[in-house]
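Beneath this line is the structure, given in structure tokens, with notes to follow.
The values are calculated or read from the model by the stated rules, or taken from the named source; none is laboratory data. Keep in mind that what you see is a predicted model, and the values were worked out from it rather than measured. A quick note on method: Cβ atoms are made from the backbone with ideal geometry, for glycine too, and the neighbour counts reach across all protein chains shown. Ligands, DNA and RNA are stripped out before the accessible areas are found, and what is left, the full protein with its side chains, is counted by its heavy atoms. Shrake-Rupley method; radii C 1.70, N 1.55, O 1.52, S 1.80 Å.
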Amino acid sequence: LAVAVFYLPIRILASASALLLLGYWAALTLVPVPGFEPGSMTPDGNLAVYIDRLMLPPNHLYAAAPVDPEGFFATLPACVTAVAGYCAGTYLRAVGNTSIASVRLALAGIALLAGGYLWGLILPVCKDLWTGSFVFISAGRLGKFPVGNGHQGRGKKLDDADIFRAGG
């Protein structure tokens, strides 16, 4: 991910992220796990857990829950959340941390929230599986951050450290 963010333009990153989420959704809903119907979202019957169990020995899986929240396959859409944050930070650095920029990020956040909740009607919002609907909702909630926390209107360009400080 770090190499992609460093070398690829934002449009390519956004397009690749969209394709990754759509591919992940298709895999979760269309690829059957042995002994289960395609699209099973049960702890034992979903594709993400199945892949984790195939690729990782039991002592490397999270033992406190049936689904490893940091599993191998579910890390792919989690990277999209990081790309969304990178895109927002890049936007703020380019245009400055102004009221207009904050409102635009808030509107993008609201659009992502709405898209996530709508997508959640057909793909459960699930952090453990890091579903695309969860990615949209989590990125959308962070998109509203600048307005909700009084960061608008400073009128100055952000430096690298400001982007990290803004998140707490």
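With θ taken as phi - 60° and the coefficients 6.51, -1.76 and 1.60, list the Karplus ³J(HN,Hα) couplings across the range 73-90 in order, rounded to whole Hz; mark glycine and proline as x.
My calculation for the range 73-90 gives 5, 6, 5, 4, x, 4, 4, 5, 4, 5, 5, 4, x, 4, 4, 5, x, 5 Hz in order.
Hey, what's the per residue convex hull volume over the C-alpha atoms of the range 1-130, in cubic angstrom?
125
Heavy-atom accessible area per residue, the range 20-88, 1.4 Å probe: how many Å²?
Here the residues of the range 20-88 average 53 Å² of exposed surface.
From the backbone phi of the range 113-121, what are the Karplus-calculated ³J(HN,Hα) couplings (6.51 cos²θ - 1.76 cosθ + 1.60, θ = phi - 60°) in whole Hz, Gly and Pro given as x?
Going residue by residue, I get 4, 4, x, x, 5, 5, 4, x, 5 Hz, with x marking Gly and Pro.
Packing-wise, with mean Cβ within 10 Å as the measure, how do 84-93, 2-11, 44-53, 120-129 rank, highest first?
Order by mean packing, descending: 44-53, 84-93, 120-129, 2-11.
How large a share of the accessible area of the range 1-113, in percent, is made up of carbon and sulfur atoms when the probe is 1.4 Å and the other protein chains stay in place?
Summing carbon and sulfur atoms, their accessible area is 72 percent of the total for the range 1-113.
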